[in-house]
Amino acid sequence: MPSVNPLPSPVTLGVIANPVSARDIRRVVAHAGNLQVTERVNIVLRLLQGARAAGVTHALLMPDRGGIRALLERHLGRQHAHRHEGADDQRLPAIEFLDFDPTSTVDDTYAATRLMLQRGIGAIVVLGGDGTHRAVVRELVAAGSRVPLAGLSTGTNNAFPEMREPTITGMAAALVAAGRVDAALALAPNKLVEVNITSARGRQCRDIAIVDAVVTHDRTVGARALWKPQSLAAAYLAYAEPGAIGLSSIGGLLQPVGRHER
């Protein structure tokens, strides 16, 4: 039986919830759904309750301008009032929003990840699509960090984050963060694609992709998604599963490659 680390105190979990995932042009051209802010807040509350039950004492959350923070603080205010009335409700860990001004861009995710690493979080739970998860992984890779990540899909056509129950996800992340489950048993590695582009002027641009890196003929980014097949020129895939949705499934039809295959 692998050894299990002792339970540290306090146990801190990071939560990055993107308030604007699932907002691209696929709402118009493909009948894609739209996850409301209230449901995102419910997901956060459920995962935090699960995390608290499994030993998390503190949670660091990314601030936002999309309504998640406002609704959470309203809920916490009601909870505080109930405690003053004599109710004993300790179902949530102590919640702290990171101290920076959100811009409603991917820079918020970058900044939140960096600050969470500085604060010594034991794990990060991400609510978002493939793009949000890629942004978190990008910062983890840049920092050389091995902090584990648990993903909850709240985007569109997601291939990287799987559909999971938030309460169970919070409990699982908490057990790993607290050292109550051996990492060798609980964690699974994921692959990534390293992207290195050299411009005509010799400028180097380096990035990563966690599902696919795509070359397109489109020159505009306003749609925030590829929806015209003729605009696709090439795709470089970290994995390709036929049952996935999105561009990676094209590779899955041609030559399936599993998420954990080398």
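Listed here are the residues, each with its yes/no results for (1) at pLDDT below 90; (2) part of a loop (DSSP other than H, G, I, E, B); (3) among the small types (Gly, Ala, Ser).
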residue: Glu162; (1), (2), (3): yes, yes, no
residue: Met171; (1), (2), (3): no, no, no
residue: Arg180; (1), (2), (3): no, yes, no
residue: Asp207; (1), (2), (3): no, no, no
residue: Ala233; (1), (2), (3): no, no, yes
residue: Ile245; (1), (2), (3): yes, yes, no
residue: Ile250; (1), (2), (3): no, no, no
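Screening Leu232 on (1) exposed (fewer than 10 other Cβ atoms within 10 Å of the Cβ); (2) of a type outside the set (Asp, Glu); (3) under 21 Å from Arg134 (Cα atoms) shows it passes everything except condition (1).
Screening Ser145 with (1) hydroxyl-bearing (Ser, Thr, Tyr); (2) at pLDDT below 95; (3) surrounded by fewer than 22 Cβ atoms within 10 Å (Cβ to Cβ) gives one miss only, at (2).
Just checking: which of the helices (runs of 4 or more DSSP H) contained wholly in the range 1-113 hold 1 or more residues that are modelled with pLDDT of 90 or more, polar (S, T, N, Q) and farther than 30 Å from Asp182 by Cβ?
Working: elements: 26-29, 37-53, 68-84.
The helices (runs of 4 or more DSSP H) meeting that bar are 37-53.
For the range 138-164, a residue qualifies if it is over 13 Å from the mean Cα position of the chain (by Cα) and free of Cβ contacts under 8 Å to residues at least 24 places away in the same chain, and the qualifying residues are Ala142, Gly144, Arg146. Filtering Asp218, Asp207 for residues that are without any contact (Cβ under 8 Å) to a residue 60 or more places away in the chain and closer than 21 Å to Asp130 by Cβ leaves a single hit, Asp218. Does Gly179 qualify as being in contact with a Pro (Cβ under 7 Å, 6 or more places away or on another chain) and within 30 Å of His58 (Cβ to Cβ)? Against the criterion (in contact with a Pro (Cβ under 7 Å, 6 or more places away or on another chain) and within 30 Å of His58 (Cβ to Cβ)), Gly179 qualifies. Answer yes if at least one residue in the range 166-184 is of a type in the set (A, V, I, L, M, F, W, C) and touching a His at 6+ places or on another chain (Cβ under 8 Å), and no otherwise. So far as the range 166-184 goes, no, none of its residues is of a type in the set (A, V, I, L, M, F, W, C) and touching a His at 6+ places or on another chain (Cβ under 8 Å). Do the conditions hold for Gly144, that is, is it closer than 19 Å to Val37 by Cα and out of contact with any Asp or Glu (no Cβ under 7 Å at 6 or more places or on another chain)? Judged against the criteria, Gly144 is not a match. Restricting the range 186-196 to residues that are surrounded by 11 or more Cβ atoms within 10 Å (Cβ to Cβ) and of a type in the set (A, V, I, L, M, F, W, C), the residue that is farthest from Gly131 (Cα to Cα) is Ala186.
The values are calculated or read from the model by the stated rules, or taken from the named source; none is laboratory data. These figures come from a predicted structure and were not determined experimentally. Methodologically, a virtual Cβ is constructed for each residue, glycine included, from the backbone with ideal geometry; neighbour enumeration extends over all protein chains shown.
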